[in-house]
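A.B. asks: Here's a structure for you.
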Ligand SMILES: Nc1nc2c(ncn2[C@@H]2O[C@H](COP(=O)(O)OP(=O)(O)OP(=O)(O)O)[C@@H](O)[C@H]2O)c(=O)[nH]1
Ligand SMILES: [Mg+2]
């Protein structure tokens, strides 16, 4: 059944470049044995796009939760547990280091081979296993491709793929990686979801008010019980409202607009930047559903 968004996409109003990207993605997925679904470890489920599973049509996939170095180690562990309990393959990664990615091709080959075995395939695969890295903007697709590529470029280099536009990068273990990552458009479920995606840089923050994103961040930190050194922001205690926080930051950091007014937008930008730069510590914004995390208090989870 088509939902309203799908009807809108097919109506002719939907921007052409997005439709083209979606079409390229489904064409690319026909060529591969498996997809690597790259997500942001700070919100691993909220940064997925359900369309990918629909287009994959039963082909295996692995969720790679990238930027694991920015997320809470305890929360990463809780997500691993949750995914294992729910039959999902998840792998936490900091893709900026080549040494972290070098074992991945072997893992992917195993996933494809297991999927073939469970489908009852008996004939050996006589060609390389083909994989694609897909994900919403800014999750680190290019970083991961580049590091996988870097390690193998010296050996063989890219060779033409099965279509004119696709190039395959040969990796170890007889695996080929499509050199262009698949871009998935974020599917926004609610205003809150939109703010979360904007905070993670997945959705262009300029179309949303930065003050609102900062307000959402402060609210998330507070409701999740994440300890913050509020004195860094000119406050003795946690703020009661976003306005209070942004005024305090603008005062402490001397952000002024013409007319000697406090520049709360600049305050919001600096607060968001601190979060993205890990100045507040390693923070996960989306925790697994409660059932699998009851043993761990929320606060401990973000340490
Ligand atoms: N801390 C951290 N930063 C990362 C990691 N992977 C990527 N980044 C950073 O995240 C930003 C986005 O990375 P890209 O590789 O450009 O992401 P992308 O998915 O290709 O983005 P689009 O091409 O816009 O869709 C860059 O500033 C990277 O340096 C990671 O594992 N940890
Ligand atoms: Mg990219």
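A.B. asks: With the Cα gyration tensor of the range 205-268 giving a ≥ b ≥ c as the square roots of its eigenvalues, does the rule (a/c under 1.5 for rounded; else a/b larger than b/c for prolate; else oblate) give rounded, prolate or oblate?
C.D. replies: Oblate, because a/c is 1.5 or more while a/b does not exceed b/c.
A.B. asks: Still on this structure, please answer the following. For the pair residue 265 and residue 241, how long in nm is the line joining their label points, each one 7 Å along Cα→Cβ?
C.D. replies: In this crude label model, residue 265 to residue 241 measures out at 2.1 nm.
A.B. asks: With label points built 7 Å along Cα→Cβ from the Cα atoms of residue 26 and residue 114, find their separation and express it in nm.
C.D. replies: Distance between the two pseudo-spin positions: 2.9 nm.
Readers should treat all values here as calculations from the given coordinates under stated rules, not as data from a laboratory. Quantities reported herein were computed from a predicted structural model and do not represent experimental measurements. Reconstructed Cβ throughout: ideal geometry from the backbone, glycine too, with neighbour counts over all protein chains shown.
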